[in-house]
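One structure below.
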Amino acid sequence: WKHNQVILTKAHDTFKGLSDEQLNILYNAADLYASPAWAEGFGLTLAEAAKCGVPVVATDFAAGPEAFGPGGIAVPPARLFPSMHGHRWALADLPAFSAAIETLVSDPALRTRLGAAGEAYTAKFDWDHSATKMLGIMS
């Protein structure tokens, strides 16, 4: 399948993934970032998209909304269900998820506002600061 506005990297088929430069290009080329993931430990890709000023659509569950803050639309899950790993997963509400995407696609000004809000919100995420805090907790 090919489309001039879609780039299939096939990087998910490797353990290498994309370089930081390649990720930066992809995020900055995007109009929005949608992730119907069932659960997020932190949601690094959500924060990365928001940091690039790309508005996010994700399920309002786990750490997703914490990762992008006011930089997107958090869609309430259709239902929660237990996983075999002892935690819960969230099933995306597909009509609501699709409506959120359609809203952003049809409203460039909203995309711009949410993108700017997400970029400002994620400025607080800093690896050095996080590592220092973690060392403080562990010691």
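The values are calculated or read from the model by the stated rules, or taken from the named source; none is laboratory data. Quick caveat: nothing in here was measured; it's all calculated off a predicted structure. Cβ coordinates were reconstructed from backbone atoms using ideal geometry, including for glycine residues, and neighbour counts include every protein chain displayed. Areas reflect the complete protein model, heavy atoms only, side chains present, ligands, DNA and RNA absent. Shrake-Rupley method; radii C 1.70, N 1.55, O 1.52, S 1.80 Å.
Looking across Leu91, Leu80, one residue alone is touching a Lys or Arg at 6+ places or on another chain (Cβ under 9 Å), free of Cβ contacts under 8 Å to residues at least 24 places away in the same chain and open to solvent by 30 Å² or more (accessible area, probe 1.4 Å). It is Leu80.
Among all positions in region 125-139, there is no residue which is assigned to a helix (DSSP H, G or I) and surrounded by 15 or more Cβ atoms within 10 Å (Cβ to Cβ). Could you say whether any residue in region 100-115 is closer than 22 Å to Leu44 by Cβ and loosely packed, with under 11 Cβ neighbours inside 10 Å? Within region 100-115, not a single residue is closer than 22 Å to Leu44 by Cβ and loosely packed, with under 11 Cβ neighbours inside 10 Å.
The set of residues in region 7-59 that are among the small types (Gly, Ala, Ser) and touching a residue at least 40 places away in the same chain (Cβ under 8 Å) comprises Ala34, Ala39, Ala47, Ala49, Ala50, Gly53.
When we screen Ala116, Ala50, Ala39, Ala58 for residues that are out of contact with any helix residue (DSSP H, G or I) (no Cβ under 9 Å at 6 or more places or on another chain) and of a type outside the set (Asp, Glu), the only hit is Ala116. Among the residues making up region 45-68, those that are open to solvent by 20 Å² or more (accessible area, probe 1.4 Å) and more than 9 Å from the chain's Cα centre (by Cα) are Lys51, Cys52, Gly53, Asp60, Phe61, Ala62, Glu66.
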